[in-house]
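> Sharing a structure, written as structure tokens. Questions coming.
Any read-out appearing in this document is the output of simple, stated calculations on the displayed coordinates, not a laboratory observation. What you see is a predicted model, and the numbers here were worked out from it, not measured in a lab. Because the Cβ atoms are built from the backbone with ideal geometry, glycine has one as well, and the counts that use them run over all protein chains shown.
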Amino acid sequence: MALTLALILRRLGAAVLTLLLVSLVVFTISSLLPGDAAQETLGQSATPEAVAALREQLGLNQPAPERYVRWLGGLVTGDPGRSMANDLPVRELIGARLPKSLLLAGLTAAVSVPLALAIGILSAMFRGSLLDRALNVATLSMVAVPEFLVATIAVLIFAVKLRWLPSLTLVPEEATLGEMLRAYALPVMTLCFVIVAQMARMTRAAVIDQLSQPYVEMAVLKGVGPIRVALTHALPNAIGPIVNAVALSLSYLLGGAIIVETIFNYPGVASLMVDAVTSRDMPLLQACAMIFCSAYLMLVLIADVCAILANPRLRR
């Protein structure tokens, strides 16, 4: 137990150190972006004196190390600063969008995870069969298609041609369950199309690896059926790799949803980040980037902890 706790604490410390390094990279890269928030705010016709005064007001003329330390301190205390574009707290802007992104990610996960696990386990149970080959071809085809093409084709078919679903994800405050499901159908379908294939293939590989182990051969020799062997013998021992596959696939939902949110005009954090890049709003851009990186590291950390708890060999 003490060894397991030490390993988990070590993983947690590595995640914190990685997040610190990521913050430095995010701050540096965003500072190197061409353009200036003061110039973008005042317009091209602004005088150099007005631009210089606004730069001083926004703190853009201070040295980069000083700005980084102040920004990092604000992140730690929960105050990432104020938006340069509209002079509102970044925390309020993100707070209004983050629940929507989490809702989209949650709906996608609720659909994609069971579907991907079912495809991966079925493909592993009947590996080499016609069903396995068909599922492999389908998942490979899904991996090869980029999400912007999936979203565009989905809009053309279901919104323009058939007129079953709306092309924009606009959900009113008093929307019914049916209206909400119709509004979220296309973005959820697009995101599921992207991540289900990867998750299913990784699940298949993990289950097949366990099905080739000696204890499974012993169970087969004792007369245990293939379904019971896969579900009660192989699947519990493949939980670690499967959780890893699920975490890596779901980590795409926040950062990789930028294209989906832009195409469907969804008011999430990803589209907010795109607006921040357009207006050179560095505090907002940096805060959004850190949210995506933190979510990715948190999912990877959860996957590591689940793998350690599920596999005794990793504790040594």
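> In deg cm²/dmol, rounded to 500, what helix-only [θ] at 222 nm does the chain give when every DSSP H run of at least 4 residues adds -39500 (n - 2.57) and the total is split over its residues?
Only helices count here, giving -23500 deg cm²/dmol.
> Compute the long axis of helix 177-211 from its Cα atoms, compare it with the longest principal axis of the Cα atoms of the chain, and write down the angle in degrees, 0 to 90, nearest 10.
Tilt of helix 177-211: around 50 degrees.
> Sticking with this structure for a sec: Note the full-extension length gain between Val145 and Glu179 as 0.36 nm times their separation in residues minus their Cα-Cα distance, in nm to one decimal.
Fully extending the segment from Val145 to Glu179 adds 9.4 nm.
> Tell me which residues come under 5 Å, amide H to amide H, from Arg82 once H is placed; ignore anything under 5 positions away on its chain.
Val90
> Then there's this: What fraction, in whole percent, of alpha-carbon pairs in segment 93-315 exceed 25 Å separation?
Summing the P(r) tail past 25 Å for segment 93-315 gives 49 percent.
> Using only Cα atoms and rounding to the nearest 10 degrees, what angle (0 to 90) does helix 282-310 make with the longest principal axis of the chain?
Relative to the chain, helix 282-310 is tipped by roughly 20 degrees.
> Helix 269-279 sits at what angle to the longest principal axis of the chain, using alpha carbons and giving 0 to 90 degrees rounded to 10?
30
> If amide H atoms are built 1.01 Å from N in the plane of the peptide, which residues on other chains or at least 5 residues away come under 5 Å of the amide H of Val171?
Those lying under 5 Å, H to H, from Val171: there are none.
> So how do Ile208, Ile195, Ile263 line up by other beta-carbon neighbours within 10 Å, fewest first? Mind showing how you got there, number by number?
Values: Ile208 18, Ile195 26, Ile263 22.
Fewest-to-most ranking of Ile208, Ile195, Ile263: Ile208, Ile263, Ile195.
> Below 8 Å between Cα atoms, with a sequence gap of 6+, how large is the relative contact order for the chain in percent?
27
> Could you let me know the centre-to-centre spacing of segment 8-22 and segment 67-89, using Cα atoms, in angstrom?
A separation of 22 Å, based on Cα centres.
> Please get the size of the charge dipole for the chain, origin at its Cα centre, with Cβ charges of +1 on Lys and Arg and -1 on Asp and Glu, quoted in debye to the nearest 20.
That gives the chain a dipole magnitude of about 1360 debye.
> Hey, another quick one. Would you please give the FRET efficiency between Asn265 and Ala15, computed as 1/(1 + (r/R0)^6) with r the Cβ-Cβ distance and R0 = 30 Å, to the nearest 0.05? Walk me through the numbers before you get to the answer.
Working: r = 34 Å, r/R0 = 1.13.
Calculated transfer efficiency: 0.30.
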